[in-house]
Amino acid sequence: MRGSVTATAPSTRRRSVRTAGVLASAALLVPLLGAAPSASSAAAPGATTANATSGGLQRAFAAAAAEYGVPQSVLLGVSYLQSRWDAHGGAPSVTGGYGPMHLTDARTALATVPHHSHGKEDPRGDSSRPPLLPKEKAPTEAQLPARLKTLKRAAQLSGQPAHRLREDSAANVRGGAALLAATQKHLGKPLSDDPADWYGAIARFSGADDRASAASYANEVFAVIRDGQRRTTDAGQHLTLAARPGLAPDPAQLRHLGLRRAPAAGTDCPQTLACEWIPAPYEEFGDKDYGNHDKADRPKSQGIKYIVVHDTEGSWEGVLKLVQDPTYVSWHYTLRSSDGHVAQHVRTKDVAWHAGNWYVNAKSIGLEHEGFLTAPDTWYTEAMYRSSARLVKYLAKRYDIPLDRQHILGHDTVPGTTAATIRGMHTDPGPYWDWQHYFTLLGKPFHRTSGPAGGLVTVAPKFSANKPVFTGCAKPGETCTPHGSSAVRVYTEPREDAPLIKDIGLRPGGEPSTIDVNDMGSRLSTGQQYAVAERKGDWTAVWYLGQKAWFKNPKKQPTAVDARGLVVTPKDGAADVPVYGRAYPEKEAYPAGVPVQAISPLPYKLLAGQKYAVGDKLPGEYFYSPTFDLAPHRVVRGKDVYYEIQFGHRVAFVRAADVRVVPSGS
């Protein structure tokens, strides 16, 4: 996204949700493997009352538990699943949630411009049919569900003013305890000191409206309580949740919550996730136009190589309306922030229109995560991170997708297809998505794999301590609230007052890059790998967009770690080689009736002497599907082979015939 909101405007076309079965509760009891969180120890600016001294937040949990009769382990478990106990300096989450308990007031997250209609990116990304640039409106507060407005109820129950619940961690914990206690009483349950008796209240706290999602959330909370946790928060608070390995709650309490059974038949999800089938329509309309995806037969017809992580920039209900509109765009899955619930819309065998690059669309699965990047500061819930990690691990295993940043792409790392499309490409999920934590949940944390002679670096700043200055979160030019980030800025020289690296694709006139939150021209991201060009003291230079790009990388607090692998460099005798935004076959490969797709190079060059990390080796391939009628659809494969490389912030492709592949340390 580019700091924009997907909307909830009514559509003239809607399809009803098909009925089906639900996931078995027993399957939802399986904990997320490899989900140990990475610790954070940097103090956040504007620390709140509970953070005034080390241990203050732990005492706040104990005090709230005693005041409202809620077991402290329940409070800590729920809070961990929402925020990992972080306060975020009083800033809202992507869905307007505040503080350690993630009390929601989504008014703070509203904006005016929808996600998919912002800018000039055609989500389908293929010139075989007219560009699809949908227009929608932002939701009103009245359209927001109760789960996005829990802070007001917490204020009423606790007697605390709303602003204190937003700004003060101790008050926020009290508000969460009051909500849990009120829910327990409403369910006719005693305020027991046994955490196992609180299964129903925890499930209700999730805000889920279906049994499978509520069960998944509650089971995840109890997995946290059973395993125990110890962590230093973003405000420097040391918290401990003692392990209760024998804890056995009663899932039968779900029967008394009056929740619906979400249709799950037809979903492609692991059994440990609450998934619902809400189909995107494949319909013809107008003058032989159609939407909002393409029928295919993947992976039989063509391989699935990528998973693309998106941020919806809209509320759950609004996003679901949009994906059910045949005149709109599509993606495969949407993940809800409050409880991690998953809805699948397009079967993984089919091609959704989500990435703005047809080659990537044809070979990818798109995941939209509920969130708003337009807030002055944003963060994502642990519940959503964990659900997303479960889903990605499952899909990666099913389709043999490597778990690295060259295959698990952010929408902001998908390249433009041609020079003309580069400036319109989207920038979600943005610099505040915690890639290190995400890959830790995936069981693939980023760490040192070589010594300095390895020739590569993996970008790996400490998220909470890495706070580059950005502008444009709320208003153009206005400084964003300081926030932990996955982004590392690169300069033309080894000093912080040097000019930023220029991106001639974004600015053909040679204008300098900026520190705007949506400007990708001079930015590295956690997990990305680059070939080392030079080192000077605390600074490291890498090859980036055909240039030597410097970033600060001190030994005491490194922003990148050494690695080794394969790199490409121009073949001997070549001064430069072209770089592409898609890996299309040579013209001779196209059969009669299929228009030849131009192999258009991007405005960049890979110069002699430069090296770039290899992500994959791929055949030239094009999926031809310009009509609703499936008869002319076909996959064209050529003899040309490409290498995917990490070229700038986004990935790119080079022809194998143009380059040599060598070990990075050579």
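Treat the count of other C-beta atoms within 10 Å as a stand-in for reagent exposure and order TYR530, TYR438 from fewest to most.
So the ranking, lowest neighbour count to highest, is TYR438, TYR530.
Restricting things to alpha carbons, find the Rg to Rh ratio for the chain using the Kirkwood radius for Rh.
Ratio value, two decimals: 0.97.
Mind checking which aspartates and glutamates have their C-alpha under 18 Å from LYS587, skipping anything on the same chain fewer than 8 residues away?
Straight-distance partners of LYS587: ASP126, GLU621, ASP640, ASP658.
With an 8 Å cut-off on Cα pairs and a minimum separation of 6 or more residues, tell me the relative contact order of the range 569-663 in percent.
35 percent
Which percent of Cα-Cα pairs in the range 569-663 sits in each 10 Å bin, short to long?
P(r) for the range 569-663, in whole percents per bin: 16, 44, 27, 12, 2.
For GLY366, list long-range residues whose amide hydrogen, built 1.01 Å from N in the peptide plane, is under 5 Å from its own amide hydrogen.
VAL308, HIS332, TYR333
State the percent of C-alpha pairs, over all pairs in the range 405-529, separated by a distance greater than 17 angstrom.
When every Cα pair of the range 405-529 is considered, 63 percent fall beyond 17 Å.
Could you let me know the centre-to-centre spacing of the range 152-222 and the range 568-594, using Cα atoms, in angstrom?
If we compute the Cα centre of each part, the gap is 57 Å.
What distance in nm separates the simple spin-label points at ILE515 and ALA592, each placed 7 Å from Cα in the Cβ direction?
A separation of 6.2 nm, rounded to one decimal place.
Cross-link partners among lysines for LYS475, C-alpha distance below 22 Å, same-chain residues fewer than 8 apart left out?
By straight Cα distance, LYS475 reaches LYS120, LYS135, LYS137, LYS467.
How would you rank 194-204, 178-188, 92-102, highest first, on the average number of other Cβ atoms within 10 Å across their residues?
In decreasing order of mean packing, 194-204, 178-188, 92-102 become 92-102, 194-204, 178-188.
Would you mind ranking TRP543, TRP277 by Cβ crowding within 10 Å, fewest neighbours first?
TRP277, TRP543
Only helical DSSP H runs with n ≥ 4 go in: add -39500 (n - 2.57) per run for the chain, normalise by residue count and round the 222 nm mean residue ellipticity to 500 deg cm²/dmol.
Mean residue ellipticity at 222 nm (helix-derived): -5500 deg cm²/dmol.
Taking neighbour Cβ counts within 10 Å as the exposure measure, how do HIS345, HIS633 sort from fewest upward?
HIS633, HIS345
Would you please give the residues with an amide H less than 5 Å from that of ASP640, counting only those at least 5 places away or on a separate chain, with H modeled from the backbone geometry?
GLU586, GLY620
List the residues whose amide H sits under 5 Å from the amide H of SER485, counting only those 5 or more places along or on another chain, with H placed 1.01 Å from N in the peptide plane.
Hits under the 5 Å cutoff: ASN466.
Straight-line reach only, C-alpha to C-alpha below 19 angstrom: list the lysines that LYS611 could link to, leaving out same-chain residues fewer than 8 apart.
LYS502, LYS536, LYS548, LYS571
No lab work stands behind these numbers, since they all come straight from the coordinates. Because the structure is a prediction, the values reported are computed rather than measured. As a convention, Cβ positions derive from the backbone with ideal geometry for all residues, glycine included, and neighbour counts pool all protein chains shown.
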